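One structure below.
The values are calculated or read from the model by the stated rules, or taken from the named source; none is laboratory data. Note that the coordinates shown come from a computational prediction; the quantities given were computed from them, not determined experimentally. Backbone-built Cβ (ideal geometry, glycine too); neighbour counts: all protein chains shown. With ligands, DNA and RNA removed, areas are computed over all heavy atoms of the protein, side chains included. Shrake-Rupley method; radii C 1.70, N 1.55, O 1.52, S 1.80 Å.
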Amino acid sequence: MKILRFLGFGALALAFLAVSLVYFQVDTTEDAIVTQFGNPVRIINEPGLYAKLPDPVQSVVKISNQLQVYTLPRTEFLSGDKKNIVAEAYATWRVTDALAFVKNVRDLRGADLRLNDIVRSELGAALGQVELGQLVTVDTSNVKLPDTLAAVRERAAARTEPYGFTVTDVQLKELTFPPANLSSVFQRMRSEREAIARQFRSEGTEEAARIRAEADTEKAAILAAASQDATETRGRADADAVSIYAGAFGKDMEFYQFSRTLESYDKFIDDGTTLILPSDSELLRYLDPRSVLQPPPSAGPSNVADAEADTGRSTAPGVRP
């Protein structure tokens, strides 16, 4: 029984080995090439289960058809305006002809070697035709980096097509300057930004001066209009006051003369005042009790004003008629 069981396991192992040597599977992410004694005899591009003669008569070489990425190491180039720049780029590629790929580059490592030479040379030639200011700039109308990389991709794809694969895209991961040139480049950038800042400040100062001038002009116009209105208002008020005074004087001339005389006393008579006036002065009428009972002479406000003008001769305290 043990011998039969052993023979059964051996038969199963031999059958599995035979199946594995004859049948093989192709995944959707790869292409397969069946070779007979090293020469390709069949290319399989569709996924599925296939059969072949056992090894070593026929073998299977599988090639990935997925998108591959190759990174070009940091390399120093020269721009069109003779500026040293350091670029690190990457390229995406995929196999388009599995048979040509196996014959020319054999595997992914061989493809990387081809890409290193092709991408480096095409990138250096393209960067050497444009100036640095056209690669890195804030002016979108003057930038040429996308067009430059597109040209590199087209030329690299044309050169890799005979090898059974094609470049689908080329982009930059980094674009900088050699360490020895960084300080001078940064200084130039600072100078350019300072010049732009000075221009902005100058334009701002000019605009501020213009706004101030307009505000001053508007202020002067407003003040002039306000002054004119104030003058007109004062004129009307003075006219009203004169009219009121005239009306009051016409109603009671004696009371008006009495009121104006008292106002004059309040203005020029104090402890340090000496008046030298004639005995018939109107100002003395209300200071002399004897003359208060007598009717005042016919006189207008001008008599009081003339009397007030005579007070300029005051020299010492007291009143002397």
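Want the number for ASP270 to VAL22: 0.36 nm per residue separation, take away the alpha-carbon distance, what's left?
Roughly 75.0 nm would be gained on extension.
Is region 142-199 best put as rounded, prolate or oblate by its Cα gyration tensor, with a ≥ b ≥ c the root eigenvalues, rounded for a/c under 1.5, and otherwise prolate when a/b is larger than b/c, oblate when not?
Details: a/c = 5.61, a/b = 2.66, b/c = 2.11.
Verdict is prolate for region 142-199.
Sequence neighbours fewer than 8 away in the same chain don't count; with that in mind, list the lysines whose C-alpha is under 17 Å from LYS62.
LYS52, LYS103
Carbon and sulfur atoms: what percent of the 1.4 Å accessible area of region 66-177 do they account for?
Working: 2730 of 5820 Å².
About 47 percent, which is the carbon plus sulfur part of the accessible surface.
How long are the semi-axes of the equivalent ellipsoid of region 66-177, defined as square roots of 5 times the Cα gyration tensor eigenvalues? Whole Å, largest first. Working shown, then result.
Values: eigenvalues 159, 33, 24 Å².
Each semi-axis is √(5λ); the values are 28, 13, 11 Å.
Can you list the lysines whose alpha carbon sits under 17 Å from that of LYS144, skipping same-chain ones fewer than 8 residues off?
Partners within reach: LYS82, LYS83, LYS173.
At R0 = 56 Å, how high is the FRET efficiency between PHE200 and THR233 if r is their beta carbon distance? Nearest 0.05 is fine. If you can, show how the numbers build up before the last one.
Working: r = 48 Å, r/R0 = 0.86.
So, using R0 = 56 Å, E works out to roughly 0.70.
Provide the gained length on full extension for the span TYR50 to LYS62, in nm with one decimal, where the gain is 0.36 nm per separating residue minus the Cα-Cα distance. If you can, show how the numbers build up before the last one.
Details: separation 12, 0.36 × 12 = 4.32 nm, distance 1.29 nm.
In short, 3.0 nm is gained.
Under 13 Å from the Cβ of ALA213, count the other residues' Cβ atoms, weight Lys and Arg +1, Asp and Glu -1, and hand me the total. Working shown, then result.
Numbers: positive: ARG210, ARG212, LYS219; negative: GLU206, GLU207, GLU214, ASP216, GLU218.
Its environment carries a net charge of -2.
Please give the contour-minus-distance gain from LEU262 to ASP280: 0.36 nm per residue of separation, less the Cα-Cα distance, rounded to one decimal in nm.
4.8 nm
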